[in-house]
Each structure stands twice: as C-alpha cells, then as structure tokens.
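Scroll down for the structure; my scribbles are underneath it.
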Amino acid sequence: MPISSSSKTESRHWKKLSIRPRRNRQRVGSKVEVAGGVEAGLRMASGGSDPRSTNQTLDNFFDTKDFRLDQAYLKWKPLDSMSLVGGKFDNPLWTPSDLLWDSDITPEGAAAKLAFGPFFANMGFFVLDEHSGDSNDPFMVTFQPGAKFDVGMVDFKLAATGYWFSDITKSPLEFSADTNTRKDDGSDTLLYEYNSVSVGAEVGVNLEGFVERVALFGEGIYNPDPDEDEYGWLGGLKFGSKKVDEFGKWEAKYSYRRLEKDAWLDTFPDSDFFGGATGVQGHEGIISFGLTRHFTLDIDYYHVEEIEDSDQDQQLLQLDFVAKF
C-alpha cells in the first residue's frame with residue numbers, strides 16, 4: 001500500500017509578502033491483481049474538489065478535513081507491450097514538464113498504452129463533465145506517438161500529442177483560471193476551440209561521479225483557432241543524481257516558460273505557476289535533496305508575470321518535505 005505525505009511552507013509575493021507554513025498533502029493507495037493480467041487500483045487524497053491540488057490547509061480550529069477519491073481504476077495488460085485502463089487514473093501522456101498538465105490531475109475515462117521497441121503510443125478518451133438532460137457532454141480525445149532510445153551515454157525521448165475537444169464552448173468550465181478569451185455575450189463561455197498540437201522532448205547525458213546526469217528538456221504547443229495568443233513553450237535544464245532516493249542524492253532544475261492566453265485550456269496547467277493561468281511567462285527553479293530512502297526535501301521557486309501586464313507579477317517560494325512509503 002503506497003503512502004505519501006508532504007508538508008509545504010509557502011512564501012508568496014504579489015504586492016505583499018506572506019508566509020504560510022500550514023499546508024499538507026496525504027495520499028494513500030493500494031494496487032491488487034484481481035485476475036490474470038488485471039489490476040485494480042484505489043487511491044484517496046487530501047484536499048477539496050480542485051483536481052489541480054490535493055493540498056489541505058490547516059485551519060478552522062481543528063475541524064475535520066476532506067479525504068477524497070483520487071484514483072479508482074481497472075487496468076488490463078493483455079500483452080507485455082499493451083495496457084488498457086478505465087476509471088480515474090494517472091495521466092497516461094508523457095510530458096517533460098508541467099507546462100500543460102498539473103501533476104495532481106487524474107483523468108477520468110479510458111486510456112491505452114502501446115510499446116514497440118523504442119517506439120510508444122499513448123491515447124485517451126477523457127470525460128470532462130456531464131450536463132443533466134443534455135447529450136452533448138464535453139470530452140477530449142488525445143493521441144501521442146513517441147520514441148525513446150539510447151546512443152552511448154546519450155538518451156533521447158520525444159513525443160508529439162494531438163488534443164481534440166468536443167462541446168467545451170457551450171457552458172462554463174469547472175476550475176477554470178478565467179484567463180482564456182470568453183465570448184462577449186455574458187455567457188462566460190469560451191470563444192475559441194482548443195484542438196491543439198504539442199511536442200515534447202528530453203535529451204540527457206549519463207555521467208559518473210557527483211553529477212550523474214545532465215539533461216535538456218522542452219515542450220511547445222500550438223492552437224490554430226485564434227489569430228493571436230496561440231503559442232506556448234517551455235525550455236529547461238536539469239542535472240544531478242539519476243534518482244533522488246537516498247541520503248546525499250540530489251537534483252537541480254531550471255525552466256522558463258511562456259504560455260499565451262489561448263494556447264491551451266486554463267483548467268489544466270500547473271496551479272502553482274500563477275494559479276494555473278494562461279497569458280503568463282516566467283522562471284522556475286527546483287532543488288531536491290534526499291534525506292533518507294523515504295524522505296526528500298524540495299525547494300521550489302517561481303517568478304512569474306502576466307504577458308500583457310508585467311506589473312502583475314508573483315514570486316512563490318515553497319519548501320516541501322516529502323515522505324513516501
């Protein structure tokens with residue numbers, strides 16, 4: 001039964017400074033084989049209904065806290081090179097960053113993963129919402145071909161992803177950051193479609209000694225529907241240990257991103273980067289240090305600004321103590 005817990009201290013700057021050493025996240029899950037090649041998984045997580053955050057703020061004089069269903073799925077592996085999953089599960093798409101997807105999001109629907117030597121393909125049908133009395137419920141379909149291979153000390157991984165959405169402009173979307181362009185008819189619905197194409201890649205060099213691996217990574221997205229504000233991209237560098245899984249292991253990572261207003265739906269990006277908004281650009285730096293096999297200390301710093309108004313900026317410093325068993 002995997003168990004993870006983290007305690008987070010935040011210092012935010014947005015025209016003022018505040019310290020918030022009072023956020024926690026707990027996740028408890030279990031995986032069992034229920035039949036030949038069939039796995040059942042269940043995971044509970046702290047936090048509220050926001051799919052981009054399982055953090056729980058400690059407040060309100062010791063009131064009881066929410067603990068919700070974070071995953072519930074059946075996975076079938078008919079072949080070593082194929083797996084099929086249905087329910088609520090980990091994101092099946094490979095992404096080198098959180099430019100497009102917050103790591104806390106667990107999609108709902110069905111997905112498939114295929115592997116053929118160095119090549120792979122991931123695909124998913126994700127249900128976004130259900131409207132009572134209306135058969136036009138919003139959903140998304142995604143397909144991602146990619147490849148991963150090694151050449152001596154160098155490893156490569158790259159993938160292209162297509163996203164197709166249905167019926168997302170007919171009603172307001174839950175958990176939106178309200179930064180995509182809306183129609184001017186007062187309906188608070190999206191003006192544009194978000195059928196987009198993204199490309200991601202990572203190139204690493206494996207070394208020996210204090211620095212075990214150095215890698216460049218990047219991701220970009222294009223939405224063809226709007227005439228402007230249709231691009232997003234991220235580039236970064238990371239180096240350190242291959243895994244931060246024991247005392248003395250470490251990794252440092254830096255990235256810069258720019259996500260224009262209508263390049264991507266504002267319901268999915270990393271919620272710590274200006275609240276998961278679009279129309280933003282800025283820096284992120286992370287240092288992870290292993291304390292034991294089960295405990296890690298992460299220091300995460302963001303400096304972000306709005307693209308159209310650089311005076312609207314935010315600095316965020318997070319100290320995250322993570323325990324995994």
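The values are calculated or read from the model by the stated rules, or taken from the named source; none is laboratory data. What you are looking at is a predicted structure, and each value in this text was computed from that prediction instead of being measured. As a convention, Cβ positions derive from the backbone with ideal geometry for all residues, glycine included, and neighbour counts pool all protein chains shown.
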Being of a type in the set (S, T, N, Q) and out of contact with any helix residue (DSSP H, G or I) (no Cβ under 7 Å at 6 or more places or on another chain) is the filter here; which residues of segment 271-325 pass it? Ser271, Thr278, Gln281, Ser288, Thr292, Thr296, Ser310, Gln312, Gln315, Gln318
Hey, does segment 94-107 have a residue that's touching a helix residue (DSSP H, G or I) at 6+ places or on another chain (Cβ under 8 Å), under 30 Å from Leu216 (Cβ atoms) and at pLDDT 95 or above? yes
State all residues of segment 210-262 that are aliphatic (A, V, I, L, M) and either outside any loop (DSSP other than H, G, I, E, B) or under 19 Å from Tyr194 (Cα atoms) (or both); if no residue qualifies, say none. Val214, Ala215, Leu216, Ile221, Leu234, Leu237, Ala252, Leu259
Among (1) of a type outside the set (Ser, Thr, Tyr); (2) closer than 25 Å to Gly218 by Cβ; (3) at pLDDT below 95, where does Pro138 come up short? (2)
Filter segment 142-166 down to the residues that are among the acidic types (Asp, Glu) and either under 19 Å from Trp233 (Cα atoms) or crowded, with 16+ Cβ neighbours inside 10 Å (or both) and list them by number. Asp155
Considering only residues of segment 63-112 that are among the hydroxyl-bearing types (Ser, Thr, Tyr) and within 26 Å of Gln281 (Cα to Cα), which is surrounded by the fewest Cβ atoms within 10 Å (Cβ to Cβ)? Ser103
Per the filter on segment 145-175, residues acidic (Asp, Glu) and assigned to a loop (DSSP other than H, G, I, E, B) are Asp167, Glu174
Among the residues of segment 191-216, the number that are within 20 Å of Ser171 (Cα to Cα) and either free of Cβ contacts under 8 Å to residues at least 40 places away in the same chain or more than 24 Å from the chain's Cα centre (by Cα) (or both) is 3
Residues of segment 113-125 that turn out to be more than 7 Å from Pro92 (Cα to Cα), under 19 Å from the mean Cα position of the chain (by Cα) and surrounded by 17 or more Cβ atoms within 10 Å (Cβ to Cβ), as a count: 3
Which one is surrounded by the most Cβ atoms within 10 Å (Cβ to Cβ) among residues in segment 187-240 that are touching a strand residue (DSSP E or B) at 6+ places or on another chain (Cβ under 9 Å) and among the acidic types (Asp, Glu)? Glu219
